[in-house]
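Every number in this text was worked out from the coordinates using simple rules, so none of it is lab data. Since this is a predicted model, take the numbers as computed values, not measurements. Please note: Cβ atoms are built from the backbone with ideal geometry, for glycine as well, and neighbour counts cover all protein chains shown.
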Amino acid sequence: MITNLTKRTKTGVAAICCTLISVGLTAFGINFTKNDADHYKKVPVEGEMIAELTAPPFVPKPVGNRPAKKLIVNMEIKEMEGEMADGVKYTYWTFGGSVPGSFIRTRVGDEVEFHLRNHPDNKLPHNIDLHAVTGPGGGATSSLVAPGHEKVFNFKVINQGLYVYHCATAPVGMHIANGMYGLILVEPEGGLPPVDKEYYVMQGDFYTKGANGESGLQPFDMNKAVKEQPDYVVFNGSTKSLVGDKAITAKVGETVRLFVGNGGPNLVSSFHVIGEIFDKVHVEGGEMINKNVQTTLIPAGGSAIVDFKVDVPGTLILVDHSIFRTFNKGSLGMLKVEGPGDKTIYSGTTQEGIYLPEGGTIQNMPKVKTTEKPKVSLTVPQQIAAGKEIYGKTCFACHQSEGQGIPTVFPPLAKSDFLNANHTRAINTVLSGLSGEVTVNGNKYNNIMTSQNLTDEEIANVLTYVYNSWGNNKTVVKPEMVKAQREQNVH
Amino acid sequence: MLKRTIYMSLFSMFIAASLWAQNSKMVLVKKGAYVPLYGTVDKKPVTVNEFQLDIYPVTNAQFQDFLKKNPEYSKAKIKGIFADKSYLSHWESDFSYGKNNLSNAPVTNVSWFVAKKYCECQGKRLPTLDEWEYAAMADEKRTDARTKESYTKYILSWYEKSKTYANPVGQTFKNYWGVYDMHGLVWEWTSDFNSIFLSGESRKDKDTDKNLFCGSGSVNATDLMNYAAFMRYAFRGSLKAKYTTRNLGFRCAKDFK
């Protein structure tokens, strides 16, 4: 007991000593960090350079060991038409001709000379508020610029971090909603730790007069914006900016850093990469680092820096894990990782079989089904009605309410040449699933549809519904046809 | 004989056209009151007296005529303090708008100084901001359509259409007073465009404590109209009198006697 006590006291003393030392260290540390900005506002600059600006998903070269400099940023504002989704046009207002705007990379202590130019063809005055600026309006008070004119203002970046910039001209919400935002990175002295690949991703919500998918030039809808009900939630200004051949890439074993921002104007992003865990997250784009993070919250007008190593090949999916936004509104990007697999980390499917919850050896599935099935054969309208129900439960999430699919991700069933060409293939697709590249109505899709656990009758009904909707060729699929295929597949 | 008649009528048409070019038609805008977005105290209405307003914005052809009579305002001769380098930059030469511009498209890239001079040479003046806003709040049928959603949407949609400055005048709707193109073609100069202070930092202008020209009053309104009007005020706030921009033209007004 006594020895124990002594032990404890000793440990206690040791603990106190440690605390004292660490207090001393922390005090020193705090002292230093607390005065970071104070320190860097006095750092002199050596020489001058023109800032490299890049359009997403790319970022300029790291600052490395360069000293603080006078950095000249030439930013041109352009109001221009672009594509939000397949066939959907939108008039974007941009910093540098892209949404998000050009990426600006600085190091702490740099003195930025910012030239803001408003293209002569533009209709509106604009300005810029950079969250990296210490000063009124983040620069907005000094930068209101008429079309065909230029404003210049200077600031010194004295706090490191990843910052959002945006337009703040009245009505500010509309300027942001039209795409006027981007990121400015202030690297610490010596730069961020080097990685193999760096990319620039920024989320934004968009409000169009027509519903999601309605084609043509879509004007901005003030009402929806005020109600915060976007039709599109996308990365880098469009549903297509990070998919297909525009996907970002990495090789197995590489470290990847994403500079992620959220322009809003309204929504907060639950940023997640499907199939990856963030090794490090600079929380809210600041200095604090969190490790082993699955999903990081990015506020509107905020950011995060996420680092991770890609260990296995495959396509990682970038999403806003407020998941309806991904499925229905477009917040989906892809990171394609190439290289050799590692079965220890991820095996892939190793076994496939039938799972029978109880008494599997006694019950015989096909038999049960036949006994459950009503023998009455349905009329075509009855089949369609029944099929619609099934569609709503099973197919709707990917192929969408009107069979329109999701551009570049899930192929359409409406007026689908792929579907109408071959109903046997359609039956087999529902029975056994389909993966790999297919071409539907001239567009390529490369995704996976799993096999559907439906009865012959259900498959017949849902396909009959699909074939008799949205301009398809009105094929009627009977349960016997499905049954025949199912049997053929077994043999 | 017939030939002669044709010549005669062509001649008279020419005369009429040039007369029209000299002195564009005006309509009467009756006295009334309105509450502007900015520039009034406690949301009190501002009275606008009866005045005359050009039916259309000033066109390239009309402006070319003016320059021929007042060559000191040509691109080559204008003094730098009266106009930017971009003054008439889309014109082919000093005295010709050229083939790339329609004769009846609104003249743009004109500074406030020159617009003012043009109107004075016609025995007119630029409309005041209140006169302009008052006349512009009318749609086809009523004097004040600002609460109508379709009216606001029409204006907002213009901000998304590119290069409307190249269109001829008179193709948008004719409003209650009989004027065209108040919305949907180009921005227009007013005599006191910079009398309303807008700092450029829109969020600051909303601050009630700072009492910045009653911006707060209009922001508190939820009516969509504010967005259309806000943009006009923001645009004017970004200008200086020597500025010229591709989307900015003008028309003239006159007191009613």
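Quick one: B:Y154, B:Y73, fewest Cβ neighbours within 10 Å first, how do they rank?
Details: B:Y154 17, B:Y73 24.
Going from sparsest to densest Cβ surroundings: B:Y154, B:Y73.
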With 23 Å as the limit, write out which pairs from A:K78/B:K174; A:K69/A:K251; A:K78/B:K116; A:K78/B:K163; B:K117/B:K163; A:K78/B:K79 have Cα-Cα distances beyond it, or answer none.
A:K78/B:K174; A:K69/A:K251; A:K78/B:K116; B:K117/B:K163; A:K78/B:K79
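For B:E140 and B:D65, compute 0.36 nm times the residue count separating them, minus their Cα-Cα distance, and round to one decimal in nm.
On the way: separation 75, 0.36 × 75 = 27.00 nm, distance 3.16 nm.
Stretched fully, the B:E140-B:D65 segment lengthens by 23.8 nm.
Count charges around A:H149 for me, please; just the other residues with Cβ under 15 Å from its Cβ, Lys/Arg as +1, Asp/Glu as -1. Spell out each step's value before the answer.
On the way: positive: A:K78, A:R117, A:K123, A:K151, B:K85, B:R236, B:K240, B:K242, B:R246; negative: A:E76, A:E79, A:D121, A:E150, B:D84.
That sum, taken over residues with Cβ under 15 Å, equals +4.
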So, with +1 on the Cβ of K and R and -1 on the Cβ of D and E, and no other charges, what is the size of the charge dipole of chain A about its Cα centre, to the nearest 20 debye?
760
Taking amide hydrogens as modeled 1.01 Å from N in the peptide plane, which residues meet the under 5 Å criterion relative to A:Y232, leaving out close sequence neighbours?
A:F206, A:T208
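Using R₀ = 22 Å, calculate the FRET efficiency as 1/(1 + (r/R₀)^6) where r is the Cβ-Cβ separation of A:K42 and A:R66; round to 0.05.
Values: r = 18 Å, r/R0 = 0.83.
Once the sixth-power term is evaluated, E becomes 0.75.
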Proximal aspartates and glutamates to A:K291, defined as alpha-carbon separation beneath 16 angstrom and excluding residues fewer than eight positions away on the same chain:
A:E276, A:D279, A:D307
Mind checking which of A:G471, A:V310, A:H39 is farthest towards the positive end of chain A's charge dipole, using Cβ charges of +1 (Lys, Arg) and -1 (Asp, Glu) about the Cα centre?
A:V310
Projected convex hull area of chain A, Cα atoms, direction-averaged, in nm², equals 33.7
Just to check I understand the Karplus step: with θ = phi - 60° and J = 6.51 cos²θ - 1.76 cosθ + 1.60, what whole-Hz values come out for the stretch A:224-234, glycine and proline as x?
5, 5, 5, 7, 6, 10, x, 8, 10, 10, 9
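Please sort A:390-402, A:233-245, A:169-181 by packing, taking for each peptide the average over its residues of neighbouring beta carbons within 10 angstrom, highest first. Working shown, then result.
Working: A:390-402: 15.9, A:233-245: 22.4, A:169-181: 25.2.
Descending mean neighbour count gives A:169-181, A:233-245, A:390-402.
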Report the local net charge at A:E79: Lys and Arg +1, Asp and Glu -1, summed over other residues whose C-beta lies under 15 Å from its C-beta.
+3
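Local charge sum around B:K163 (other residues, Cβ-Cβ under 14 Å, Lys/Arg +1, Asp/Glu -1)?
Working: positive: A:K78, A:K123, B:K161, B:R246; negative: A:E79, A:E81, A:D121, B:E160.
Counting the neighbours of B:K163, the net charge comes to 0.
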Normalising by the residue count of chain A, find the relative contact order in percent from Cα pairs under 8 Å and 6+ residues apart.
10
Checking understanding here: applying a Kyte-Doolittle mean of at least -1.0 and a length along the axis of at least 24 Å (C-alpha), which whole DSSP H helices in chain A pass?
A:2-34
